[in-house]
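Working notes for the structure below.
The values are calculated or read from the model by the stated rules, or taken from the named source; none is laboratory data. Just so it is clear, the model here is predicted, and its values are computed rather than measured. All Cβ positions, even for glycine, are placed from backbone atoms using ideal geometry, and neighbour counts span all protein chains on display.
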Amino acid sequence: MSLETTLEDKIDFAARLIVDSRRLVVFTGAGISTESGLPDFRGPEGLWTKHGEPDFRRRRAEPERPSTPEDATDKARQVFIQESRWTGVQPNAAHYAIADLQKMGKLDFLISQNIDNLHLMSGISPDTISELHGNVAKAKCVQCAKYFDREEIRRKLLEDKTLVPSCDECGGAMKSSIVDFGDPMPFNETREAEIRSRNCDLLFVIGSTLLVTPAAYMPKYALESGAKLIILNMGETPFDRFALVRFDGKAGEIVPKIVERVKEILREGQRDE
Ligand code: NAD
């Protein structure tokens, strides 16, 4: 788009791309949640921008070995009894606007790098999202990879002081579902995200530097399949030159305006029929 283009023109252009798309995939990063009060890593107020990037070559400290079977039970319980630090964080206008797109039948799939559970809290249907790096609200069986609601586990453990958290499907041990740097990616979620990205006709990136791989391969897969690209991010990304339209501004302000414009265009279309 030309340099003369106003924000309203760009919003209208992006909205028309969404209206015309048949398989829209939205891809979100930590930037969509900063307006909910969660700092990102590499943005202007990001944790790494302010405090430096951690050295991932250093070995992670080994967890303290349990000294007795009772100690092992206690440690396994403690992981899930602690209250989450993320309690009270709420989705913002950008999360709700994406959920609106889904209600309107305009969202095929959502891929998120975020672990904050805010997309599901905003009403996104669980079978239309891949959370590539896990979710603070979910535990996972180390054997069969079944997911469990952490709050539910916590409630059961508080009720029954002898209970050890384990999978009701296969008896495997439970762990947090969050993917740490160096951990393997969740197989099903990553595969589904790749398939959806390869099959979409429009990919809308919101709040990501597109630097963390393999998550950041999704725009590459979409472009390889001929999909169009919209990028909304405060700051540059390596994919900017491939985007048909790019917004450098706040997700919580711009995404709702785009979705509002989508609604208007769809209403205008209905009136003309
Ligand atoms: P990132 O920190 O690399 O990039 C975030 C980008 O969003 C930055 O360019 C920043 O300028 C931009 N941004 C910040 N606020 C914005 C806003 N209001 N509107 C639009 N853009 C905004 O994040 P990433 O690309 O997602 O990769 C970092 C990794 O960190 C991910 O793997 C993710 O799992 C993890 N992480 C997640 C959370 C979360 O769940 N909320 C928070 C921090 C980090």
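So, Ala243, is that one at pLDDT below 95 and in contact with a Leu (Cβ under 6 Å, 6 or more places away or on another chain) or not?
Working: at pLDDT below 95: no; in contact with a Leu (Cβ under 6 Å, 6 or more places away or on another chain): yes.
Judged against the criteria, Ala243 is not a match.
Considering only residues that are within 15 Å of the ligand (Cβ to nearest atom) and in contact with a helix residue (DSSP H, G or I) (Cβ under 7 Å, 6 or more places away or on another chain), which ones fall in the stretch 227-250?
Here is the first cut: in the stretch 227-250, the ones within 15 Å of the ligand (Cβ to nearest atom) are 230-240, 243, 245-250.
The answer is Ile230, Ile231, Leu232, Asn233, Met234, Phe239, Val245, Arg246, Phe247, Lys250.
For residues that are surrounded by fewer than 21 Cβ atoms within 10 Å (Cβ to Cβ) and of a type in the set (A, V, I, L, M), scanning just the stretch 203-226, find the one that is farthest from the ligand (Cβ to nearest atom).
Looking at residues that are surrounded by fewer than 21 Cβ atoms within 10 Å (Cβ to Cβ) and of a type in the set (A, V, I, L, M), I get Leu223.
For residues in the stretch 107-156 being assigned to a loop (DSSP other than H, G, I, E, B) and over 18 Å from the mean Cα position of the chain (by Cα), which is surrounded by the most Cβ atoms within 10 Å (Cβ to Cβ)?
Going through the stretch 107-156, the residues assigned to a loop (DSSP other than H, G, I, E, B) turn out to be 107-108, 113-117, 122-125, 132-137, 142-146.
With the extra rule that they be over 18 Å from the mean Cα position of the chain (by Cα), the set shrinks to 142-146.
Numbers: Val142: 13, Gln143: 14, Cys144: 11, Ala145: 16, Lys146: 14.
Per the criteria, the residue is Ala145.
Consider the stretch 158-186. How many of its residues are in contact (Cβ under 8 Å) with a residue 40 or more places away in the chain, surrounded by 12 or more Cβ atoms within 10 Å (Cβ to Cβ) and over 16 Å from the mean Cα position of the chain (by Cα)?
Summing the residues that are in contact (Cβ under 8 Å) with a residue 40 or more places away in the chain, surrounded by 12 or more Cβ atoms within 10 Å (Cβ to Cβ) and over 16 Å from the mean Cα position of the chain (by Cα) in the stretch 158-186 gives 8.
Would you tally the residues in the stretch 1-43 being outside any helix (DSSP H, G or I), of a type outside the set (A, V, I, L, M), touching a helix residue (DSSP H, G or I) at 6+ places or on another chain (Cβ under 9 Å) and near the ligand (Cβ under 6 Å from one of its atoms)?
4
Given the criterion surrounded by 19 or more Cβ atoms within 10 Å (Cβ to Cβ), within 30 Å of Asp248 (Cβ to Cβ) and without any contact (Cβ under 8 Å) to a residue 60 or more places away in the chain, identify the matching residue among Glu189, Glu194. Reasoning before the result, please.
Values: Glu194 fails: surrounded by 19 or more Cβ atoms within 10 Å (Cβ to Cβ).
Step by step, each of Glu189, Glu194 is checked, and only Glu189 is surrounded by 19 or more Cβ atoms within 10 Å (Cβ to Cβ), within 30 Å of Asp248 (Cβ to Cβ) and without any contact (Cβ under 8 Å) to a residue 60 or more places away in the chain.
Name the single residue, out of those in the stretch 238-273 being within 26 Å of Leu118 (Cβ to Cβ) and touching a strand residue (DSSP E or B) at 6+ places or on another chain (Cβ under 6 Å), that is surrounded by the most Cβ atoms within 10 Å (Cβ to Cβ).
My answer is Ala251.
Being over 25 Å from Phe181 (Cβ atoms) and either without any contact (Cβ under 8 Å) to a residue 12 or more places away in the chain or charged (D, E, K, R) (or both) is the requirement here; does Arg155 meet it?
Details: over 25 Å from Phe181 (Cβ atoms): yes; either without any contact (Cβ under 8 Å) to a residue 12 or more places away in the chain or charged (D, E, K, R) (or both): yes.
Yes: the conditions hold for Arg155.
Conditions tested, residue by residue: (1) acidic (Asp, Glu); (2) not in a helix (DSSP H, G or I).
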{"residue": "Gly171", "(1), (2)": "no, yes"}
{"residue": "Val179", "(1), (2)": "no, yes"}
{"residue": "Gly252", "(1), (2)": "no, no"}
{"residue": "Val259", "(1), (2)": "no, no"}
{"residue": "Val262", "(1), (2)": "no, no"}
{"residue": "Glu268", "(1), (2)": "yes, no"}
